[in-house]
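Please read the structure below before turning to the comments.
The values are calculated or read from the model by the stated rules, or taken from the named source; none is laboratory data. These numbers come from a predicted model, not from an experiment. Here the Cβ is made from the backbone with ideal geometry for all residues, glycine too, and neighbour counts use every protein chain on show. Side chains included, ligands, DNA and RNA excluded: accessible areas come from the protein's heavy atoms. Shrake-Rupley method; radii C 1.70, N 1.55, O 1.52, S 1.80 Å.
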Amino acid sequence: MKALSLVFVSMFAVMMISVQANAKCQYGSDWEKSGKKIVVCTKGDSFSDRKKAQDVCSKIKGSSCSSPSTFSSSCGNGECYDENGTYSYSLSGY
């Protein structure tokens, strides 16, 4: 039973790492404007890319944004922005 549990935990960890490696659209807990979530997609997933996304969020929101805490490979909520702050209804392929 313990071996089976270890297998499931290992598989879950591998899945989470692979999702994080491909995830370049990001947002944080306070990334909202007018009740809509602000999602910023960048070309990379490095610390500087995350900082750039945070800066774009702050510019759009008009006040500071927390560090990104949620990541995905696309955005489709109608409040998507690229790393230059350009608005798009949806972004994918990041």
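So in the range 1-36, with the set limited to residues that are within 17 Å of E83 (Cβ to Cβ) and open to solvent by less than 80 Å² (accessible area, probe 1.4 Å), which one is modelled with the lowest pLDDT?
Only one residue tops the list, namely A23.
So, in the range 58-94, exactly how many residues are touching a Gly at 6+ places or on another chain (Cβ under 7 Å) and without any contact (Cβ under 8 Å) to a residue 40 or more places away in the chain?
Looking only at that region, the number is 7.
Residue under question is D45, and the condition is that it be acidic (D, E), modelled with pLDDT under 95, part of a loop (DSSP other than H, G, I, E, B) and surrounded by 11 or more Cβ atoms within 10 Å (Cβ to Cβ); does it hold?
For D45, the condition - acidic (D, E), modelled with pLDDT under 95, part of a loop (DSSP other than H, G, I, E, B) and surrounded by 11 or more Cβ atoms within 10 Å (Cβ to Cβ) - is met.
Can you tell me which of (1) open to solvent by less than 60 Å² (accessible area, probe 1.4 Å); (2) of a type in the set (D, E, K, R); (3) modelled with pLDDT of 95 or more is the one K51 doesn't meet?
For K51, the exception is condition (1).
What tally of residues in the range 54-81 results from selecting those that are buried (at least 16 other Cβ atoms within 10 Å of the Cβ) and outside any loop (DSSP other than H, G, I, E, B)?
9
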